[in-house]
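Note sheet for the following structure.
The values are calculated or read from the model by the stated rules, or taken from the named source; none is laboratory data. Fair warning: this is a prediction, and the values are worked out from it, not measured in the lab. Methodologically, a virtual Cβ is constructed for each residue, glycine included, from the backbone with ideal geometry; neighbour enumeration extends over all protein chains shown. Heads up: the accessible areas ignore ligands, DNA and RNA and are worked out on the full protein's heavy atoms, side chains in. Shrake-Rupley method; radii C 1.70, N 1.55, O 1.52, S 1.80 Å.
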Amino acid sequence: MDSLSISMVQPVQVVYSEHLAQSLVSICDREGYSRVLVVTDSVIHSLAPVQEAIAALEQTGRQIAVFDSIHADPHIATVDDGAARYREHQADCILAIGGGSVLDVARGIAIVATHGGSIADYVELSGSNGQPKRRATQRCQGLISVPTTSGTGSELSNALIVTDEHGNKLAVLADNATSTYAVLDPTLTLNLPQRMTIATGLDAFCHAAEGYLSALANPITDAIDEKVMFLLYNYLPRAVADGNDLEARRRVMIAASLAGWSLNQAGTIVGHSIAHVLGAQHHIVHGEAVGYALPAVVEFVADVREHKVREIGKILGAQILDHAPLDQVRAIVVRAILEFRDSMLGLHPFEDYGISHETLVSYAPSVVNERFAGNTPKPIDTADAAWLLERFGSRK
């Protein structure tokens with residue numbers, strides 16, 4: 001048996017550009033794409049740079065169809081409808097322009113268009129339920145991903161999240177469905193509202209922090225995640241304070257994409273499980289949810305990841321003595337995370353959602369059984385999940 005373990009794979013061709021239309025025409029010329037399905041949402045579709053990009057593609061004689069029926073927490077049916085639109089248009093390329101939900105739907109469309117069935121067939125099942133009914137066994141070609149937020153890293157990720165008819169968030173993991181191209185244009189994020197800048201930036205930071213602490217982490221992902229956290233600590237507050245700070249937007253976008261790449265190998269841990277469960281039931285903004293979860297998650301794993309917890313603290317500017325005991329390290333690092341999250345960025349209080357902690361704790365069994373909880377570097381039972389949920393959103 002081949003025992004070789006591959007630490008990092010990066011099949012995506014990454015283009016940095018501040019001239020979207022020109023870059024997209026060049027990519028389509030290079031690959032010979034002639035029938036493009038634009039996957040987006042109605043708001044992004046109406047933006048001037050996006051309209052200009054579509055017009056530029058049409059001016060080269062390409063046939064363009066648009067699928068812009070995407071909303072937050074996209075449903076299985078949305079992906080399947082998009083795949084039907086792809087087949088109807090006889091597309092040879094998907095141009096996805098938008099946030100994480102749009103890019104996730106586009107990847108799902110690519111999977112279904114290439115392999116058939118419904119995206120529900122490809123969902124990763126937890127526990128004793130076994131394997132997905134189907135897997136993406138062939139490379140899905142022709143996906144161009146253009147993020148308009150800096151958070152999910154979906155343009156470099158192999159994962160997507162869909163919602164079923166019961167409101168459950170479900171994961172699909174497909175190495176063969178990563179983007180063919182990712183086009184990083186930070187000018188698309190200049191008008192991003194402050195609250196969304198905070199939430200998406202925290203999502204990227206938590207991808208890096210949870211990946212760093214994950215049981216699947218390796219020395220290469222560690223180096224990437226350390227750099228991602230450093231970039232976000234130093235530039236995300238600038239982007240929040242001045243949304244037109246292009247240098248800050250540039251650094252934050254690159255950090256989010258690198259976090260998405262690392263995510264393919266290291267995954268996330270129980271903080272994302274909590275966010276998926278609560279997001280499905282209460283529509284908590286995902287980036288806010290992982291931010292509310294992070295301090296307790298770091299505290300929970302500190303006994304088995306003490307060195308890495310110390311490093312997170314140092315990246316966040318905390319002073320930690322080499323001989324400091326574990327309890328002190330925990331306290332210092334949690335305080336540094338809260339300072340970054342609540343004071344430097346200004347994440348609004350969880351209490352604004354009006355959800356009681358009794359309600360939160362009731363979701364403990366669901367958190368234990370969520371797909372990514374298994375990546376946590378120590379076992380989690382219902383009592384542990386309840387402990388984490390009791391501390392969700394705490395500001396001290």
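Figures for the structure shown
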| item | result |
| --- | --- |
| Index of the failed condition, ILE6 passing every other in (1) open to solvent by less than 70 Å² (accessible area, probe 1.4 Å); (2) aliphatic (A, V, I, L, M); (3) in a loop (DSSP other than H, G, I, E, B) | (1) |
| Boolean, VAL43 is touching a Gly at 6+ places or on another chain (Cβ under 9 Å) and open to solvent by 50 Å² or more (accessible area, probe 1.4 Å) | yes |
| The stretch 68-84 residues that are under 13 Å from VAL39 (Cβ atoms), paired with ones that are outside any helix (DSSP H, G or I) and open to solvent by 60 Å² or more (accessible area, probe 1.4 Å) (beta carbon under 8 Å, 6 or more apart) | THR78/SER69; THR78/HIS71; ASP81/SER69; GLY82/SER69 |
| The stretch 369-396, residues that are among the charged types (D, E, K, R) and either within 13 Å of LEU278 (Cα to Cα) or part of a helix (DSSP H, G or I) (or both) | GLU370, ARG371, ASP384, GLU390 |
| Answer residue from the stretch 155-175, given it is outside any strand (DSSP E or B) and touching a strand residue (DSSP E or B) at 6+ places or on another chain (Cβ under 7 Å) and is nearest to LEU24 (Cα to Cα) among those | GLU155 |
| Residue check, THR221 open to solvent by 10 Å² or more (accessible area, probe 1.4 Å), in contact (Cβ under 8 Å) with a residue 24 or more places away in the chain and in a helix (DSSP H, G or I) | no |
| When residues of the stretch 311-327 are limited to those that are assigned to a helix (DSSP H, G or I) and either of a type in the set (Lys, Arg) or open to solvent by 20 Å² or more (accessible area, probe 1.4 Å) (or both), the one farthest from TYR212 (Cα to Cα) | ASP327 |
| From GLU31, GLU18, GLU58, residue being surrounded by fewer than 17 Cβ atoms within 10 Å (Cβ to Cβ) and more than 28 Å from the chain's Cα centre (by Cα) | GLU58 |
| Count of residues meeting criterion [closer than 17 Å to LEU232 by Cβ and either open to solvent by less than 40 Å² (accessible area, probe 1.4 Å) or in contact with a strand residue (DSSP E or B) (Cβ under 6 Å, 6 or more places away or on another chain) (or both)] in the stretch 249-288 | 16 |
| Filtered residues of the stretch 320-377 (kept if within 19 Å of GLN194 (Cβ to Cβ) and not hydroxyl-bearing (Ser, Thr, Tyr)) | GLU339, PHE340, ARG341, ASP342, MET344, LEU345, GLY346, LEU347, HIS348, PRO349, PHE350, ASP352 |
| Of residues in the stretch 155-169 being touching an Asp or Glu at 6+ places or on another chain (Cβ under 6 Å) and of a type outside the set (Val, Ile, Thr), the one modelled with the lowest pLDDT | ASN158 |
| Any hit, the stretch 328-351, residues being in contact with a Phe, Trp or Tyr (Cβ under 6 Å, 6 or more places away or on another chain), of a type in the set (Phe, Trp, Tyr) and at pLDDT 95 or above | yes |
| Selection count where residues are part of a helix (DSSP H, G or I) and surrounded by 16 or more Cβ atoms within 10 Å (Cβ to Cβ), scope the stretch 345-368 | 8 |
| Residue within the stretch 176-190 that is touching a Pro at 6+ places or on another chain (Cβ under 8 Å), in a strand (DSSP E or B), modelled with pLDDT of 95 or more and within 26 Å of VAL252 (Cβ to Cβ) present | yes |
| Matching entry among ARG85, ARG107 (being modelled with pLDDT of 95 or more and either in contact with an Asp or Glu (Cβ under 9 Å, 6 or more places away or on another chain) or open to solvent by 20 Å² or more (accessible area, probe 1.4 Å) (or both)) | ARG85 |
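Every residue, every condition in (1) under 15 Å from the mean Cα position of the chain (by Cα); (2) open to solvent by less than 20 Å² (accessible area, probe 1.4 Å); (3) among the small types (Gly, Ala, Ser); (4) over 17 Å from ILE274 (Cα atoms), yes or no:
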{"residue": "ALA171", "(1), (2), (3), (4)": "yes, yes, yes, no"}
{"residue": "TYR181", "(1), (2), (3), (4)": "no, yes, no, yes"}
{"residue": "ASP185", "(1), (2), (3), (4)": "no, yes, no, yes"}
{"residue": "LEU190", "(1), (2), (3), (4)": "no, no, no, yes"}
{"residue": "ALA204", "(1), (2), (3), (4)": "yes, yes, yes, no"}
{"residue": "TYR235", "(1), (2), (3), (4)": "no, no, no, yes"}
{"residue": "VAL240", "(1), (2), (3), (4)": "no, yes, no, yes"}
{"residue": "GLU247", "(1), (2), (3), (4)": "no, no, no, yes"}
